[in-house]
1. Rounded, prolate or oblate: which fits the stretch 298-424 when a ≥ b ≥ c are the square roots of the eigenvalues of the alpha-carbon gyration tensor, with rounded for a/c under 1.5 and prolate only if a/b beats b/c?
2. Enumerate the lysines that Lys283 could reach by cross-link, defined here as Cα to Cα under 20 Å, with residues fewer than 8 away along the same chain left out.
3. Quick one: with all protein chains in place, what share of the accessible area of the stretch 111-247 is carbon or sulfur, to the nearest percent (1.4 Å probe)?
4. Taking loop as defined by DSSP and a crowding limit of 16 other beta carbons within 10 Å, which GluC sites (Glu not before Pro) in the stretch 561-599 fit?
5. With the cut-off at 1.5 for a/c, could you classify the stretch 456-593 from its C-alpha gyration tensor as rounded, prolate or oblate?
6. Taking a cut-off of 16 Å between Cα atoms, list the aspartates and glutamates near Lys452, but don't count ones fewer than 8 places away on the same chain.
7. Compute from the Cα atoms of the stretch 595-637 the Rg and the Dmax, the latter being the longest Cα-Cα distance, and quote both in angstrom.
8. Which whole-number percent is the relative contact order of the stretch 353-493 (Cα, under 8 Å, 6+ apart)?
Amino acid sequence: MMRIILRNRVLLASLLILNVLMATRFILSRSVHPLLKRPPPFPHFASKRFPKSHPCPLWSPSFSFCLATPHKPTTPTIPSSLSSRSCSSLSATAMAASAAADEAVAANPLLQDFDFPPFDVVDAQHVRPGIRALLKKLDGDLEELERTVEPTWTKLVVPLEKIVDRLTVVWGLVNHLKAVKDSSELRSAIEEVQPEKVKFQLRLGQSKPIYNAFKAIQESPDWQTLSDARKRIVEAQIKEAVLSGVSLEDDKRDEFNKIEQELERLSQKFSDNVLDATKKFEKLITDKNEIEGLPATALGMAAQTAVSKGHENANAENGPWIITLDGPSFLSVMQHARNRALREEIYRAYVARASSGDLDNTAIIDSILKLRLEKAKLLNYNNYAEVSMATKMATVEKAEELLEKLRSASWDAAVQDMEDLKNFSKSQDAPEADDLNHWDISFWSERLRESKFDINEEELRPYFSLPKVMDGLFRLANMLFGIDIEPADGLAPVWNIDVRFYRIKDSSGSPIAYFYFDPYTRPSEKRGGAWMDEVLARSHVLSRDGTSARLPVAHMVCNQSPPVGNKPSLMTFREVETVFHEFGHALQHMLTKQDEGLVAGIRGIEWDAVELPSQFMENWCYHRDTLMSIAKHYETGETLPEETFLKLLAARTFRAGSLSLRQIRFASVDLKLHTDYVPGGAESIFDVDRRVSERTQVIPPLPEDRFLCGFSHIFAGGYAAGYYSYKWAEVLSADAFSAFEDAGLDNSKAVKETGNKFRETILALGGGKAPLEVFVDFRGREPSPEPLLRHNGLLATASVILSRKRSVRDSVYAFRFGIPSRTTLLSP
């Protein structure tokens, strides 16, 4: 899922850095979805514990995040909120109250100089005073920067990075806790201080002294002497300042700022409504006949949910069971429940989430789209999609072109997929065979897959226990990138007992990064989906010792099936792919060699390129040696049978056309809503979705389908007019993996050499170089969609449709990023 958190990924300019990276990144970056006290699935690493926090304030001159040696605590100096008043005029009671308030601020964990964020002690009561104290200090720092700014790196970028990073880290801590440990108190606190945070962001993003200083650097004689990374920072800061409204006149700037404040509020409300609507639905089942077909893992999970809801004696065998709209629960019903009426009920509830009553997101969506259009007009763009594309690789036209090419290549295959389902269900004497509906597709797809490839997803679970999957993933990372990953539990505070913490070392044994991993679903407090985000970014400016860069820290969050009873978490193959996917994101953040903090790791990378390493890593799930290294039966240790691996490989392209169209539908409706949709006009948002679905869905959506009301990617994430990025980056990732195929996947020496090249380019350069240039550095040429269509089994379809006789590579797949295609891949 991530699904990117967060956003979110384009930390190139002051407003973008603060507004996007502090939002959730990569949210729902995969759609395998949301996750009782259980034994830890990983062994603990015995290491010296760092102090959880230090008492010196965040804005201390020595502020940074040391990941090697804790320092002695210093005494905080906090400006008194009553400093303008004479102490002699205060009563003893008032003075005591003031001292107590100052002491509380000084002790606030959000304001401490910590090695790792104090996730375990921060709660709602710390948010209001902590964020306000921080904003007050940073506002003073910004005033000082504007007063003393000069067009030099040390007088402009260094102090700017310190300001940006402080708020990014602290707000990121709070925002992360809301995503994984939600509560009404935390929500209320965040909602109260969020406008103040946005106000500061806008002031920073619209600072004319800073903008003019960056312009002066760009126009100076020394411009050509700057490194590529520094040029990227300057260019991006100038572009983002304009997009943040720096050039607007006073009245228009005020209007722009009101829009930004309201968009932030609406986005948060949208997200809360989706989470609340998902949590609100519960289906209590007491008759096991109603859930016939559900596998043992799903029954166990449903019984655990029942226990958590007060049914103390619930168990997998006898129930009762509670079905929810949480990912694993929803999917298990859709794929396995023989009760068609139950499937229909759950499906209808899912596509209607957050579309009625107090949780209805319909009006919120219209308001968001209206405000985004007004924002675009203020910035002299025709629509919001053009604003979005201003900081991406693609243009609106290029994105639409790619989606249409892939749609055309996928359509006939998707139509055939539906015919296959109808014929198979008819052969099984299914009453619904001649009238298959949405709640039938996943169920009969699973039955057909089982019949065609003799693969049962549930029977594969015992071969994919989480500890063995992680061990195999880490061995793969060692082979490809020469790194060692070891547990470091206890080194950093965590937000839940199930969260694991890891250290990454290079070939010399030196630590180079750390990451948290939160694997399981917790529907009562944790947002659905899967995502990765930064905790700390690599930075020379924020080095504690002034020589070695501060090391990057990331977190990976999934929502997979939790352990049941004494069994470890037994994963579906889809959940295995999800872990590999999110780890790919994390690798790009952690293996960066970029010391310029504003473009290190995932910072500063164009949004439509960030999915490259994540989708690249998914390919290794189908690599024989990799899969066999993780596919060990959790009880017997038996390796997955060879014939089963071959069936998995054959099933990789099963229903590829249908799955491709699903993503294209999401991407296309996103672009339509942000280009030609008129808020408040004759056509509703749901009319737009139905119009798009006519060309992207073989079965039209239900009239009451309101999936847009739960489309958090574009209304509460970072993918507005950017969901196409998944397909855009999929082209890049498939082509990148084809470099390993060309080298020979059985040639370990060649694989290691290619892996090292991937690390030194795609993973190391961060946002310090344009993504197309980085890709060319790795691949030796510009990208081609041919590997993607080949991997998806759609190459033959595309070749048949193509009305040319030239070779596939020379004519069909001469698609290029940033330049016109030499030929049209497929006709509309």
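1. Oblate is the answer for the stretch 298-424, as a/c is 1.5 or above yet b/c matches or exceeds a/b.
2. Lys309, Lys526
3. Working: 2530 of 5110 Å².
The value for the stretch 111-247 is 50 percent carbon and sulfur by accessible area.
4. none
5. Prolate, since a/c reaches 1.5 and a/b exceeds b/c.
6. The qualifying aspartates and glutamates are Asp417, Glu419, Asp420, Glu643.
7. Taking only Cα atoms of the stretch 595-637, I get Rg and Dmax of 16.7, 49 Å.
8. Values: 44 pairs, mean separation 10.3, N = 141.
For the stretch 353-493, the relative contact order is 7 percent.
The values are calculated or read from the model by the stated rules, or taken from the named source; none is laboratory data. All of these numbers come straight from a predicted model, not from anything done at the bench. Because the Cβ atoms are built from the backbone with ideal geometry, glycine has one as well, and the counts that use them run over all protein chains shown. All accessible areas refer to the heavy atoms of the entire protein, side chains included, with ligands and DNA or RNA removed. Shrake-Rupley method; radii C 1.70, N 1.55, O 1.52, S 1.80 Å.
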